[in-house]
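The values are calculated or read from the model by the stated rules, or taken from the named source; none is laboratory data. Keep in mind that what you see is a predicted model, and the values were worked out from it rather than measured. Cβ placement follows ideal geometry from the backbone for every residue including glycine, while neighbour counts extend to all protein chains displayed.
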Amino acid sequence: MTSVPDSWQKSPIRGRLAGHEPIVRGSAGREVRRRAVLQRGAWRHRIDREEHRVLKHNAILEMLAGGDRRSIGHSDRVVAIVGRDRRRFAHLIAGLWSDNVLIRMRSADAAEKITRNHPEWLEPYRGELLGLLAEAEEQELRWHLAAMVPRLPLNARERQQTVAALNRYLEDRSSIVKTCALQGLADLARNAPNLRATVIETLREATRSGTAAMKARSRKLLAQLADI
């Protein structure tokens, strides 16, 4: 088995996940995470220095800038480009920690769409995504993370962390975030029988007291879980 480079093992993100040191927050923290994700992607695909330099300066994230939060910019075009070249996926994931809020939300949108067909592409960034799921405040990040993280091959501890985060999302002001959190909980319960009773009760409660969107999604999810 090939080992992970020492530089990754010693990175602030790696240390945080192991409980060794706190993550740097704010714009400095986002830059630390962005660089670590790129480093991880470069190691994962054995990209040599020259090829990594070319990919580092590509226009993927630039394509996601501009406009306002009501639009997804060129997200669909990025989905088409990155979906054909997995090596670019690390750059897209790094966009989740961009200082530009539009790039963060559109990177999440594109990554979520790509991993509907390629959930395994998320696995190298499992630790970072779990950390971001717990810390994200922007609703656009939250609803895409609620969809993506349950696609990961989580262990029992990580699954419980994810459930806790999604339960917090149910307190969000956004109906979309809350509806996506319900979907994420149901997705986890499909592969974790020990979660089903609790998730089913959460869905039943949403059918009684949730928004119209939450009620409709919960009824659909309850029917699906009943067939398992």
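Quick notes on this one:
- Count - residues of the stretch 99-129 that are closer than 19 Å to GLY67 by Cα and touching a residue at least 60 places away in the same chain (Cβ under 8 Å): 1
- Flag for LEU130 being at pLDDT 95 or above, in a helix (DSSP H, G or I) and not assigned by TED's automatic domain parsing to the domain that holds ALA186: yes
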